[in-house]
Amino acid sequence: MVRFVNIGYGNIVSSERIVAIVSPDAAPVKRLVQEAKAAGTAVDATCGRKTRAVIVCDSGHVVLSALMPDTILTRLNSFKDTEEE
């Protein structure tokens, strides 16, 4: 069953496609985002706010979110809790 996670401001991502959720502060992540923007594979879901998490998908897309990585992880883990019941 496909599950989606809310990444802020009404934007959602398929939880099965997420490979990594990282902070945008490190230089390699900044480079990854710039390369994705140049290639057209970046999705800006911040709604004009500061980027606080970068979500890397298995399709090569990079999704920018205004939520903290911990918040997104908590939302992802809530799926696992409901699956175990």
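The values are calculated or read from the model by the stated rules, or taken from the named source; none is laboratory data. Everything numeric in this text was worked out from a predicted model, so none of it was measured. Note: ideal-geometry Cβ built from the backbone for every residue, glycine included; neighbour counts use all protein chains shown. The area values use the complete protein model at the heavy-atom level, side chains included, leaving out ligands, DNA and RNA. Shrake-Rupley method; radii C 1.70, N 1.55, O 1.52, S 1.80 Å.
Among the residues of region 1-18, which ones are outside any helix (DSSP H, G or I) and surrounded by 12 or more Cβ atoms within 10 Å (Cβ to Cβ)? Please lay out each step first, then the result.
Going residue by residue through region 1-18, those that are outside any helix (DSSP H, G or I) are 1-14, 18.
Correct list: R3, F4, V5, N6, I7, G8, Y9, N11, I12, V13, S14, I18.
Here's the yes/no breakdown for (1) touching a strand residue (DSSP E or B) at 6+ places or on another chain (Cβ under 7 Å); (2) modelled with pLDDT under 95; (3) on the phi < 0 side of the Ramachandran plot:
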site: V13; (1), (2), (3): yes, no, yes
site: I21; (1), (2), (3): yes, no, yes
site: A27; (1), (2), (3): no, no, yes
site: L32; (1), (2), (3): yes, no, yes
site: E35; (1), (2), (3): no, no, yes
site: G40; (1), (2), (3): no, no, no
site: D70; (1), (2), (3): no, no, yes
site: R75; (1), (2), (3): yes, yes, yes
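Assess whether R49 counts as being open to solvent by 90 Å² or more (accessible area, probe 1.4 Å) and in a helix (DSSP H, G or I).
Working: open to solvent by 90 Å² or more (accessible area, probe 1.4 Å): yes; in a helix (DSSP H, G or I): no.
It is false that R49 is open to solvent by 90 Å² or more (accessible area, probe 1.4 Å) and in a helix (DSSP H, G or I).
When the residues of region 21-46 are filtered to those that are farther than 16 Å from G10 by Cα, in contact (Cβ under 8 Å) with a residue 12 or more places away in the chain and in a loop (DSSP other than H, G, I, E, B), which remaining residue is least open to solvent (accessible area, probe 1.4 Å)?
Checking each candidate, the answer is P24.
I'm told L64 meets every condition in (1) touching a residue at least 40 places away in the same chain (Cβ under 8 Å); (2) under 11 Å from the mean Cα position of the chain (by Cα); (3) outside any strand (DSSP E or B) except one. Can you identify the failing condition by its number?
(3)
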